[in-house]
Amino acid sequence: MPWDEANVARLKELWDQGLPTAQIGKLLGFTKNAVVGKAHRIGLERRPSPIRRTAVKPDRKKARSPIVPKLNFEAIKEEVEEEVPKPQQIFQPVVKNLFTKHTKRGCEWPEGHPEEIDFKFCGKDRFEDKPYCLDHCAVAYVIPEKEEVEKQNVIQRI
């Protein structure tokens, strides 16, 4: 619906009555923003903002900071210390020897599915510096040439 002379005259009349822009828009069949824009373009008197402004702006940092309750832990600690004397303990840090090798764990070949209750690792002694035992190393580390020869033998049998 375009702005015609009748709508503009009605807008001026309702504006002078002091009706809110949203209500004027409903009466005329326009949106609130269309009424505000048209009033601005035809030079109607500005209205004060309906948003209440405070005289002093609140400090945003104070508004964002959490409120920490004051607790009386210090008073409680003093009372407990007076009642039960504690023997002084000397702090001794744990010293790790970086030059010795750690003990080897067992074979890490998984047996079963990780989501099953009876899932575990093989656990046999490892073969040399590999993470698996000798049997599982034979499965895990296959020489490519040997694998190709085995495939050809299977194909020839078929």
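Just a few scattered comments:
- Counting only residues that are in a loop (DSSP other than H, G, I, E, B) and touching a residue at least 24 places away in the same chain (Cβ under 8 Å), region 19-43 holds 4 of them.
- For region 1-18, the tally of residues that are of a type outside the set (A, V, I, L, M) and assigned to a helix (DSSP H, G or I) stands at 8.
- Residue satisfying all of: in region 9-39; buried (at least 16 other Cβ atoms within 10 Å of the Cβ) and β-branched (Val, Ile, Thr); farthest from the chain's Cα centre (by Cα) among these: Ile24
FYI, it's all coordinate maths here, none of it is from the lab. If you're wondering where the values come from, they're calculated on a predicted model, not measured in any experiment. Neighbour counts are summed over all protein chains in view; Cβ atoms, including those assigned to glycine, are modelled from backbone coordinates with ideal geometry.
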